[in-house]
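The values are calculated or read from the model by the stated rules, or taken from the named source; none is laboratory data. Since the structure is predicted, the reported quantities are computational estimates derived from the model, not experimental observations. Cβ coordinates were reconstructed from backbone atoms using ideal geometry, including for glycine residues, and neighbour counts include every protein chain displayed.
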Amino acid sequence: MMGDPTHPRMILPAQLRAARALLDWTRDDLAEKSGVAAVTAIGFEHGRTDPKVSTLYKWRRALEAARRSPHGGRTRLAGS
């Protein structure tokens, strides 16, 4: 799966990192929102593991839900 960028539901390690950055989420935030342990995201983002399809779906659902929510990411105060 990790090597198949044509898979329609594919999320690549760099995409997961970028999505977390856009939402200002740590791996712990992703874990809380998706129900998948943070250590799983660490292994995936570093290219050491190939998670189950169900894990990829959980991450995708959490990220998409946050994107749709007006308060999905963290709110930063000016100057912080």
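Structure summary
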quantity	calculated
Residues being among the hydrophobic types (A, V, I, L, M, F, W, C) and either crowded, with 19+ Cβ neighbours inside 10 Å or touching a Gly at 6+ places or on another chain (Cβ under 9 Å) (or both) - total across region 38-48	2
Per-region count, region 18-37, residues exposed (fewer than 15 other Cβ atoms within 10 Å of the Cβ) and part of a helix (DSSP H, G or I)	5
Any hit, region 64-76, residues being crowded, with 19+ Cβ neighbours inside 10 Å, at pLDDT below 95 and in a helix (DSSP H, G or I)	yes
